[in-house]
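Asker: A single structure is presented below for examination.
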Amino acid sequence: MFNPGNFIRKYKSASLLFLCILISFLLISLSTGKLNFAPKRLGSSVFSIFQLTVNSTSNFFSNTFNSIGELKKLKSEQELLLLKVQEYQIRDRSFLELKEENIRLREQLDLKKTSNFTFVSAEIIAHDPGNTFTSFVINKGSSHGININMPVLAYQDGFQGLVGKVIETTYLTSKIILIIDNTSYVASRLLESRYDGLTNGEGVKTSNLIMNYVSKNARKSLNEGDLVVTSGMQSIYPGGIYIGRIRNIDVPEWQTSLVLKIEPVIDFTSLEYVLILTGEK
Amino acid sequence: MNKKNSYFGIILVFITLILQTTILANISFKGIKPDYVLIMLILLSNNMGSIKGQLLGFSTGIVEDFLSLSPLGFNSLIKTIIGYLSGTTYGKIFLDPIFVPIIFVFLGTLIKSLLSYLLLSIFIAEKAEFIFTSALLIEIALNILITPLLYLILKLIRVLPFSNNSRIL
């Protein structure tokens, strides 16, 4: 007669394997079912403390060593900056004149005033351990006013570019899904020609973004190097945030729309600090 | 492998996982990082057997899921299977310093990719098509490069034994 106890004792390894696989499958099914699966959040909270600790320790040592060379570098930078300040003071005067003219023109076209946003700055403390998913962990969480679906931006080379959105928060940290992830979609628009499309990533930090559903009528008015911004249409991302520049324009015959390859304005391999958009002023 | 070294090895894998998301994340080529935890799992499971190997794989996989964007259970399932398969070679295959660990890690990375593809095809279809790309080749190359170094480190800190009583198959 079949005895389950003897069977399990005889095939201990295989039984354990079957159990582990079953539990894992159950967990994946529940996780991807978009339930608010508390164990993952609890685990993230616990282990993110280790990430914070390691990051702080390594920062302490690297900052100590770097500070010695930094002093010399800072002195020469200060001299350059003083020259730039003088230049900007001259530019500021002409900027004010342009701003006044802009306000008058906007009033004439009855456009809404430019929104001002409130931001929380954060440091990236950890990255996704694998290569299949692309995410960051930052050192700000729900205790700092961060909520799920808040847009995340960054400044790099003079551009305020889109980084992604908050996908998970714990008390002290938050997880961000990047726009280069292939499950991340952003409603976007070409800055000059104003054609709309949908942008998503290819999943690798050094790869381009793909902008789909751009009308084929746009082909004549598009050039390589044109800027792509968020459209703000029915999206969590406000309009006008830089996403990237066109690098390649593909015109597939079997499709009714163009496929554009977009080089992100943000270099995700060298990103250290981000800004989380928490609301409007 | 004695008990003390087993526990030390297990703790080392968890430390490596935390480091893989922080300091070690800076070591990459074209945005692709080596999977240090996978390499250590394969090497340790070969010395611990299939039961301990799959338990180590399951637990490190769950922790990796907590730290990653992946669904809970994704990495635990993959690493359980890899830990089990590596553990079945216990006492059967002799690990030289370079050649055999590289073969194991190469096969382990391929199995990881295949299982990722199968799971993603079922649960997150839009990600599945991006598994078998040039990124996989880069990851295999990086894992192979790192393997002898990790093997040497594990030998030097006595997590892996110097002498091996296994026979050649």
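The values are calculated or read from the model by the stated rules, or taken from the named source; none is laboratory data. Only a predicted model underlies this, so the values are computations on that prediction, with no experimental measurement involved. Neighbour counts are summed over all protein chains in view; Cβ atoms, including those assigned to glycine, are modelled from backbone coordinates with ideal geometry. Only protein heavy atoms, including side chains, enter the accessible area calculation; ligands, DNA and RNA are left aside. Shrake-Rupley method; radii C 1.70, N 1.55, O 1.52, S 1.80 Å.
Asker: Rank-order A:157-164, B:7-14, A:237-244, A:82-89 by packing density, defined as the average count of other C-beta atoms within 10 Å over each peptide's residues, highest first.
Answerer: Highest-to-lowest ranking by the protection proxy: A:237-244, A:157-164, B:7-14, A:82-89.
Asker: When the dipole is taken about the Cα centre of region A:228-281, and only Lys, Arg (+1) and Asp, Glu (-1) are charged at their Cβ, what size is it in debye, to the nearest 20?
Answerer: 120
Asker: Still on this structure, I have one more. Over the alpha carbons of chain A, what is the largest minus smallest coordinate on each principal axis, giving the biggest first in Å?
Answerer: Result for chain A: principal-axis Cα extents of 93, 60, 33 Å.
Asker: What nm value, rounded to one decimal, do you get for the distance between A:LYS84 and A:TYR185 when each label is placed 7 Å out toward the C-beta?
Answerer: The two pseudo-label positions are separated by 4.0 nm.
Asker: Label 7 Å along Cα→Cβ of A:LEU227; region A:161-176 residues with amide nitrogen under 12 Å?
Answerer: Answer for region A:161-176: A:161-162.
Asker: Rounded to two decimals, what is Rg over Rh for region A:115-280 when you use alpha-carbon atoms and the Kirkwood radius?
Answerer: Values: Rg = 15.8 Å, Rh = 16.1 Å.
Reported Rg/Rh, Kirkwood definition of Rh: 0.98.
Asker: Ignoring ligands, DNA and RNA, how much accessible area is buried between chains B and A, both sides summed, with a 1.4 Å probe, to the nearest 100 Å²? Intermediate values should be presented prior to the final figure.
Answerer: Working: alone 9320 and 19120 Å², together 24250 Å².
It comes to approximately 4200 Å² buried between B and A.
Asker: Another question, if that's okay. Round to the nearest 10 and report in Å² the accessible area of B:LYS33, as given by a 1.4 Å probe over the protein chains' heavy atoms.
Answerer: Using a 1.4 Å probe on the heavy atoms, I get roughly 10 Å².
Asker: Once you average over the residues of B:118-128, how many Cβ atoms of partner chains fall within 10 Å of each Cβ?
Answerer: Per-residue shielding by partner chains comes out at 3.
Asker: Hey, another quick one. Could you give the angle, 0 to 90 degrees to the nearest 10, between helix A:12-32's Cα long axis and the longest principal axis of the Cα atoms of chain A?
Answerer: 30
Asker: Whenever you get a sec, compute what percent of the accessible area on chain A sits on carbon and sulfur atoms (1.4 Å probe).
Answerer: Roughly 57 percent, rounded to a whole number.
Asker: While we're on this one: Can you give the relative contact order of chain A as a percent, counting alpha carbon pairs under 8 Å and 6+ residues apart?
Answerer: Numbers: 467 pairs, mean separation 45.4, N = 281.
It comes to 16 percent, rounded to a whole number.
Asker: By how many nm would the segment from A:LEU198 to A:PHE7 lengthen if fully extended, with 0.36 nm per residue of separation less the alpha-carbon distance?
Answerer: Result for the pair: 63.3 nm of gain on full extension.
Asker: Give the residues of region A:260-281 whose amide nitrogen is closer than 13 Å to a point set 7 Å from the Cα of B:LEU137 in the direction of its Cβ.
Answerer: Nothing falls inside the zone, counting backbone N under 13 Å.
Asker: How would you rank B:57-63, B:103-109, highest first, on the average number of other Cβ atoms within 10 Å across their residues?
Answerer: Averaged packing, sorted descending, gives the order B:57-63, B:103-109.
Asker: What value, in deg cm²/dmol to 500, does the helix sum -39500 (n - 2.57) over DSSP H runs of n ≥ 4 give at 222 nm once divided by the residues of chain B?
Answerer: For chain B, the value works out to -23000 deg cm²/dmol.
Asker: Of A:LEU172, B:ILE78, A:PHE18, which is farthest along the charge dipole of the protein assembly as shown in the positive direction, counting Lys and Arg as +1 and Asp and Glu as -1 at C-beta?
Answerer: A:PHE18
Asker: Here's another thing I want to ask about it. Averaged across A:25-31, how many Cβ atoms of other chains sit within 10 Å of each residue's Cβ atom?
Answerer: On the way: counts 6, 2, 8, 13, 5, 3, 7.
Counting other chains' Cβ atoms within 10 Å and averaging over A:25-31 gives 6.
Asker: Taking +1 at the Cβ of each Lys and Arg and -1 at the Cβ of each Asp and Glu, which of B:GLY31, A:MET233, B:ILE103 sits farthest along the dipole of the protein assembly as shown towards its positive end, judged by Cα position relative to the Cα centre?
Answerer: B:ILE103
Asker: Modelled label-to-label distance, B:LYS155 and B:LEU12, 7 Å Cα→beta-carbon offset: nm?
Answerer: It works out to 1.3 nm between the two label points.
Asker: Here's another thing I want to ask about it. Using the Cα centre of region A:194-275 as the reference point, and only Cβ charges (+1 on K/R, -1 on D/E), how large is the resulting charge dipole? Debye, rounded to the nearest 20.
Answerer: For region A:194-275, the charge dipole is close to 240 debye.
Asker: Mind giving me the nanometre distance, one decimal, between the label points for A:THR57 and B:ILE98, set 7 Å out from Cα along Cα→Cβ?
Answerer: Rounded to a tenth, the inter-label distance reads 3.4 nm.
Asker: To continue, here is another question. Can you compute the helix-only [θ] at 222 nm over chain A? Use -39500 (n - 2.57) per DSSP H run of at least 4 residues, normalise by all residues, nearest 500 deg cm²/dmol.
Answerer: Helix contribution divided over all residues of chain A: -13000 deg cm²/dmol.
Asker: Sticking with this structure for a sec: About the Cα centre of region A:115-280, how large is the charge dipole given +1 on each Lys and Arg Cβ and -1 on each Asp and Glu Cβ? Please answer in debye to the nearest 20.
Answerer: Values: 12 positive and 16 negative charges, 63 e Å.
Once rounded to the nearest 20, the dipole reads 300 debye.
Asker: Please give the peptides A:19-32, A:252-265 ranked by average Cβ packing (other Cβ atoms within 10 Å per residue), highest first, as a rough proxy for protection.
Answerer: By packing density, highest mean first, the sequence is A:19-32, A:252-265.
Asker: I'd like the FRET efficiency for A:LEU98 and B:LYS4, computed as 1/(1 + (r/R0)^6) with the beta carbon distance as r and R0 of 56 Å, rounded to 0.05.
Answerer: 0.15
Asker: Relative to the first principal axis of the alpha-carbon coordinates of chain A, what is the inclination of helix A:38-109, with its axis defined by its Cα atoms, in degrees from 0 to 90 and to the nearest 10?
Answerer: It is inclined by approximately 20 degrees.
Asker: Of the candidates A:ARG41, A:ARG91, A:ARG219, which one comes out as most mobile in a Gaussian network treatment of chain A with C-alpha springs shorter than 10 Å?
Answerer: A:ARG91
Asker: Quick one: accessible surface of A:HIS144, probe radius 1.4 Å, all protein chains present, in square angstrom to the nearest 10.
Answerer: Here the residue's solvent-accessible area equals roughly 80 Å².
Asker: Indicate the residues belonging to region B:34-78 that lose 40 Å² or more of solvent-accessible heavy-atom surface (probe 1.4 Å) upon moving from the chain alone to the assembly of all protein chains, ignoring ligands and nucleic acids.
Answerer: B:ILE51, B:GLN54, B:PHE58, B:PHE66, B:LEU67, B:SER68, B:LEU69, B:PRO71, B:LEU72, B:LEU77
Asker: May I pose another question? Across peptide A:48-59, how many C-beta atoms of other chains are within 10 Å of each residue C-beta, on average? Provide the component values of the computation, followed by the final result.
Answerer: On the way: counts 4, 0, 9, 5, 1, 2, 6, 4, 1, 2, 4, 1.
Mean partner shielding for this stretch: 3.
Asker: Given a 1.4 angstrom probe, what's the average accessible area per residue across the protein assembly as shown, in square angstrom?
Answerer: 54
Asker: Out of A:ILE146, A:ALA187, A:TYR242, whose Cα points farthest toward the positive end of the dipole of region A:115-280 (charges: +1 Lys, Arg; -1 Asp, Glu; placed on Cβ)?
Answerer: Most positive-ward Cα: A:ALA187.
Asker: So what is the relative contact order for region A:192-281, in percent, with contacts set as C-alpha pairs under 8 Å and at least six apart?
Answerer: After rounding, I find 27 percent.
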